[in-house]
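Structure first, then comments.
The values are calculated or read from the model by the stated rules, or taken from the named source; none is laboratory data. Fair warning: this is a prediction, and the values are worked out from it, not measured in the lab. When we count neighbours, we look across all protein chains shown, and the Cβ atoms used for this are built from the backbone with ideal geometry, even at glycine.
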Amino acid sequence: MRPVEAAAFGIAGAAVSAPPGLAEVAGHLGLPLAADGAIRLVLDPALAAEAYRLEITATAVTLTGGSAQGVFWGVQTLRQLGPVLPGGVIEDRPRYAYRSAMLDLARHFFTAAEIKAHVDLLVQFKINHLHLHLTDDQGWRLEIPGWPRLTEVSGGEGTGVDGAGPGFLTLSEYADVVAYAAARFVTVVPEIDMPGHVNAVQVAYPELTADGAPVSPRTDAEVGYSSLVAAKEETYAFVEAVLKTVADLTPGPYLHIGGDECLSTPPEDYRAFLARVLPIPGALGKRVIGWHEIAAADLPADAIVQYWRPEAADDAVSRAAADGNQVIVSPADRTYLDMKYDSGSPLGLDWAGHVSVRRSYDWDPAERLPGVGEETILGVEAPLWSETLRSVDDVRYLTFPRLPAVAEVAWTPQAGRDWESFRARLAAFGPVWTAAGINYHRSPEIDWH
Ligand code: TNX
């Protein structure tokens, strides 16, 4: 913020003027529209699409965006500044194009209404991708025509960790979530995890196991024991049908195929499976994303590798980056929202250590992995795995306030970030979240207002 004058602008009673193309975005301010509104929304294609400029005087506010999306991010900043806006000029644009939060619907299902409410909270921090982990050992959460048992059996009662997270999205519910997110400039990134994490698939369709024998449903939190069978043709008929359905339902450019923790898939089978599967999203007009284990395979040039481990280096990821593949950075020791904050956290896991608010804020994605520098990084994600979650309140407890920290890592260039500044600004959200009934962790690292 560059202060130009001491004046401030009071929002009370103000109206918004916007060209027809920005009327929907203007609606997110919750103020009346008027031709001569004191808050003016403007498009300037000379700015980058996600960039915006806010000019605030005592009598007027001009919010200019490079596109409707840029204006939308400016609207989020206006809402954060509160009812009395300090006079000045803000020029703002994101560091990374891909700023993402992941929600695990497989270990515990959340309804379309709950996911949409989550999107409303994410966009306040300028998150522009929502990665949905739709399938895992404990459940399958998206209706797939022609494969009804996936959801009838593996989305039904008793699924999820401890059997406590049943449910699935119908085709129309998924489409509704995608459209709701798109109206808020959020791209949904669907993940179908394979070849591991597929017990729920094999419970529903035993012909996809190695010997065709039935397997039992699992509601524990183990990983690494299930696998699709690389040598079976049935495997690829299944994968192609599922990915085609998901691609057809998803307007966004990405399909995430998982690929993590395939501890029971022999390495040569893993590579053979991926040699068949990695090209499928491309053939469906999508860009493939996989967890970074996929870097063990030959990658399509546009494949994106998502790094999730806490280790300081990964040779295969460095090689993929050197080959020109882009990387999403989501190291568990910095961005995993399902890690406990500290030893007193009632929810979460701790296999990657504790992730305090400061740990989630105070790091540089471009310094995280050798060979993975600024130009290689598509963006940053904060995943939320749901093994320990049972409710929306649980989601929010782990999300706030670390999601705002990771969102700022993804949005603001390193030189513009500072822990002391962040913790002071974050403190103001305490009363906002309390008033809105949003459960959050009152971390002792923050002097909450
Ligand atoms: C590892 S991170 C997993 C998930 C678990 C998570 C729990 C990743 C790609 N795989 O299956 O839910 O740890 O933190």
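Consider the stretch 347-384 and keep the residues that are under 10 Å from Leu398 (Cβ atoms) and in a loop (DSSP other than H, G, I, E, B). The one that is nearest to the ligand (Cβ to nearest atom) is Gly348.
Out of Asp315, Asp323, Asp342, one residue alone is under 15 Å from Glu375 (Cα atoms) and more than 19 Å from the chain's Cα centre (by Cα). It is Asp323. Examine the stretch 271-281 for a residue that is farther than 20 Å from Thr235 by Cα and either out of contact with any Phe, Trp or Tyr (no Cβ under 8 Å at 6 or more places or on another chain) or in contact (Cβ under 8 Å) with a residue 12 or more places away in the chain (or both), and state whether such a residue exists. No, every residue in the stretch 271-281 fails to be farther than 20 Å from Thr235 by Cα and either out of contact with any Phe, Trp or Tyr (no Cβ under 8 Å at 6 or more places or on another chain) or in contact (Cβ under 8 Å) with a residue 12 or more places away in the chain (or both).
Here is a check on your reading of the model: is Val198 within 14 Å of the ligand (Cβ to nearest atom), under 21 Å from Tyr270 (Cα atoms) and buried (at least 23 other Cβ atoms within 10 Å of the Cβ)? When the stated conditions are applied, Val198 passes them.
With (1) of a type outside the set (A, V, I, L, M); (2) within 16 Å of the ligand (Cβ to nearest atom); (3) without any contact (Cβ under 8 Å) to a residue 12 or more places away in the chain as the list, and Pro190 as the residue in question, which single condition is left unmet? All conditions pass for Pro190, except number (3).
Given the options Leu299, Leu337, name the one that is more than 16 Å from the ligand (Cβ to nearest atom) and surrounded by 18 or more Cβ atoms within 10 Å (Cβ to Cβ). Within the list Leu299, Leu337, the selection yields Leu299. Based on this model, can you work out whether Arg396 counts as within 16 Å of the ligand (Cβ to nearest atom) and either outside the structural domain of Ile127 (by TED's automatic domain parsing) or of a type in the set (D, E, K, R) (or both)? So Arg396 does not fit the description; no. Exactly one residue out of Asp364, Asp342, Asp338, Asp394 is farther than 15 Å from Pro310 by Cβ, of a type outside the set (A, V, I, L, M) and touching a helix residue (DSSP H, G or I) at 6+ places or on another chain (Cβ under 9 Å), and it is Asp364. Would you pick out the residues in the stretch 427-447 that are more than 10 Å from Val357 (Cα to Cα) and either of a type in the set (Asp, Glu) or in the same structural domain as Val357 (by TED's automatic domain parsing) (or both)? Asp447 - this is the single residue of the stretch 427-447 that is more than 10 Å from Val357 (Cα to Cα) and either of a type in the set (Asp, Glu) or in the same structural domain as Val357 (by TED's automatic domain parsing) (or both). Before we move on, is Gly37 surrounded by 17 or more Cβ atoms within 10 Å (Cβ to Cβ) and not β-branched (Val, Ile, Thr)? Taking the combined requirement at face value, the residue satisfies it. Inside the stretch 325-345, residues that are touching a residue at least 24 places away in the same chain (Cβ under 8 Å) and in a loop (DSSP other than H, G, I, E, B) make up a count of 8. Restricted to the stretch 65-120, and to residues that are assigned to a loop (DSSP other than H, G, I, E, B) and within 16 Å of the ligand (Cβ to nearest atom), which residue is farthest from Glu387 (Cα to Cα)? Once the filter is applied, the top-ranked residue is Phe110. Return a yes/no flag: does the stretch 283-290 have any residue that is surrounded by fewer than 17 Cβ atoms within 10 Å (Cβ to Cβ) and assigned to a helix (DSSP H, G or I). For the stretch 283-290, residues surrounded by fewer than 17 Cβ atoms within 10 Å (Cβ to Cβ) and assigned to a helix (DSSP H, G or I): present.
Of all residues assigned to the stretch 296-312, at least one qualifies as being in contact with a Lys or Arg (Cβ under 8 Å, 6 or more places away or on another chain) and in a helix (DSSP H, G or I).
Here Pro251 meets each of (1) away from the ligand (no atom under 16 Å from the Cβ); (2) over 21 Å from the mean Cα position of the chain (by Cα) with one exception, condition (2).
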